[in-house]
Amino acid sequence: MRQPDLSFLVQRQESLGDDAPLPLLPQEPSFAPLEAVEAAAQLPQDDPLAILIAELRNYQAELEVQNQVLNYSQAVAESASERFEALFASVPLPLLVLDDAHDMVIQANAMALNAFQPQGSDRLLASFMPFVCPADRDRVQQAFTLARSQGKSEVHEMVFNLGNRSTMQGDLHIACIEVPRQDGPPTAQFMCAIIDQEPLLAERRTLQQRNAQLLASEKRLEAVINASMDAIISVDKAMRITVFNPTAAALFACSAEDALGSPLARFLPEVAASLPLSHITTQALLGEMQAHTASGQRVAVEVSVAFEPDGTSTTVFARDLTSRKRTEAQRSALETQLREAHKMQALGTMAGGIAHDFNNIVGAILGNVELAKTDSSHQPQLLDSLLEIEKAGRRARDLVRQILTFSRNEPPARRAVHPRHAIQESEKLLRMGLPPAIELAIDAPADLPPMLADPAQVEQALFNLTNNAIHAIHNSMHSGGKITIRARLALPDLGLVQRFDLQPDNYIALTVQDNGPGMDAATQERIFEPFFTTKPVGQGTGLGLAVVHGLMRTHEGAVEVHSHPGQGCTFTLYFPLLPASTAAIFTAPRLQRVKPLESAALPVTLHSAPQMQHHVMYVDDDAAMVHLVQRLLRRRGYQITTFEDPRAAVQALHATPHAFDLVVTDYNMPGYCGLELLKAAQSIRPDLPVALASGYVTSEISEQALAAGALALIHKPNDVSELCAIVDQLLHPNTHATTDWHER
């Protein structure tokens, strides 16, 4: 504001004199600037006093205007202060005003008091730093220093120690404010706002837990997808692959990196064509389809599809059917094998029953032939006929033994057998009947380990196989035929191991190979059936391969056949190796067998009766055998009582236990076993000698008879001379030597 010019008063004082008083100004209570202007306008313009008065009045008006402005500003400031106080008190955050040393609390709102001093016993909110956690004090000090220089700063996720050992985690926002002073430079104050982060942190922890759960769920889902046995493929709306699990990579022979982004039709064209028609439901089973690998190979798969509700993606599940089809084929083969085994078992049971009865018939024929030969010693023509009958009977006897070998599942007398030695023993017999046009080659290394087998049965198996090969080459009119017998150490393939339940170990493989006409598949399915043969009528019984099959079964081995029409046949016999810790011979205890004397082989003398007559009991369910033995022993001078019913024999023993000197009983009778009769005789009279007769003597029968107390086993239908010799030697043990029963 312009100050009034008072120099003219000095000039006027000088003109009036020093002692002249100044004129007094008029006293007016108040005047407005406009009035002062108007009054000044009424004065003469050249009068200095009038000018001074006008300027003073203008100055006074300006002062009054300024005073009004100051009053208004004071009112506005007071209103702003009230609004600040109201805002400071009502802000929903703890607010503090700290001094220049950022420790003393100058002002705090209600939220701050509630947060830092909820109870009267708590520490007073007079100082700020004691509430700061010691671990965060350095950060807070740095934040105040930064706020002093830059005007503001922040500290995040710090901890405040409140009362009752509670804490509060939050963010600290600092603003530096300069406060002017009348007596010096302005001072700094710090406005501190504290944001409680506990709800946000709790929500953050909840979100983190949910994210961790989602991540774990995703990992589990990924693990399930990666470990699934089915191929899992996810595609988008454009039928592009987005998920390709390891099973799919293995099934389609394509890596996941190469498959991702490829069209689904690359691997599953039928599925890709069916998907647009399958969105009626969320899931669909499309069934068996053809898939393509990366190399173009076809694979049979079973496909099911799952659709997302929003249609953004589709998941295809493809299950490889190759193993299932292979398993079904193996199951079918096993079922066929089981049916064949049941059929073989039924045929074996039937053959065993027939052979048992036929055995008695053959025994009666041979025994009566032997008696007839004695009676016709002076009739050469009749004797020749009887010799032919005897020859045919012996062939029938050998046939019956083959049938019994096939029908029974008895363990063989196995021991350590060297493959080369077994083949050489068989070679001697084979070369005797080998036609000149057929070559026999032997390939048996000497360094092969021993096998666990019955040497007689090994020779029988090789003889049967070689004999079949000779007939096959001869019947095909094949010139330059060749049969090769090999021995090697081999590991059966997995199919053979599963089919015959073999141990997954090395075996001795004996192979008989010929270059004959071979066999078709239909013939190979029946070659092990009893009585099945491709030979002309009268040239074979069809039991050779059936016996081989039975022998390998009892040896815990297997027989394998490979043949094609026009390419010959190859039969391979797998024998188990001899365990290293096993003894060389595996045999059960044997009964004593009577060895006939040299004179026993001669025809029975009708009148060579012993001086002391002995009483023999003979028990057999076959009437022909009973009649034969009765005639035979009576000619030898024995008293004999026969029984066709074993129960009647037991009753006779009970009635007269000391009337008999020897009991000879059949082993197998309908509804009654010879062992039962043996035990009954032992209980009635322990010192009574008992002999068992059987058409098929096995180790099991021998062991059972030995345990029951039998003295000998008679093999029917042996020569009647052997039967008579056994009876003689059992009744006169001191005059005959004995040896092991199975030494033959």
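The values are calculated or read from the model by the stated rules, or taken from the named source; none is laboratory data. Because the structure is predicted, anything quoted here is derived from the model rather than measured. Glycine gets a Cβ as well: all are built from the backbone with ideal geometry, and neighbour counts include every protein chain shown. Only protein heavy atoms, including side chains, enter the accessible area calculation; ligands, DNA and RNA are left aside. Shrake-Rupley method; radii C 1.70, N 1.55, O 1.52, S 1.80 Å.
List of remarks:
- The residues of the stretch 70-113 that are open to solvent by 40 Å² or more (accessible area, probe 1.4 Å), under 24 Å from ARG181 (Cβ atoms), touching a Ser or Thr at 6+ places or on another chain (Cβ under 9 Å) and outside any strand (DSSP E or B), listed by number, are ASP100, ASP103.
- Some residue of the stretch 168-175 being farther than 18 Å from VAL91 by Cβ and exposed (fewer than 13 other Cβ atoms within 10 Å of the Cβ): no
- In the stretch 679-709, the residues that are open to solvent by less than 10 Å² (accessible area, probe 1.4 Å), modelled with pLDDT of 80 or more and not in a strand (DSSP E or B): ALA681, LEU688
- Test: residue in the stretch 486-504 that is buried (at least 18 other Cβ atoms within 10 Å of the Cβ), over 47 Å from the mean Cα position of the chain (by Cα) and touching a residue at least 24 places away in the same chain (Cβ under 8 Å): no
- Test: residue in the stretch 126-141 that is in a strand (DSSP E or B), surrounded by 15 or more Cβ atoms within 10 Å (Cβ to Cβ) and touching a residue at least 60 places away in the same chain (Cβ under 8 Å): no
- Filter pass, ILE195 being more than 25 Å from PHE116 (Cα to Cα) and either open to solvent by 20 Å² or more (accessible area, probe 1.4 Å) or assigned to a strand (DSSP E or B) (or both): no
- Exactly one residue among THR605, THR656, THR587 is modelled with pLDDT under 85, out of contact with any Phe, Trp or Tyr (no Cβ under 8 Å at 6 or more places or on another chain) and either of a type in the set (A, V, I, L, M) or farther than 22 Å from GLU370 by Cβ (or both), and that residue is THR587.
- In a residue-by-residue description of the stretch 166-179, the property of being in contact (Cβ under 8 Å) with a residue 12 or more places away in the chain and within 55 Å of the chain's Cα centre (by Cα) applies to at least one position.
- Residue within the stretch 570-578 that is surrounded by fewer than 21 Cβ atoms within 10 Å (Cβ to Cβ), assigned to a loop (DSSP other than H, G, I, E, B) and at pLDDT 75 or above present: no
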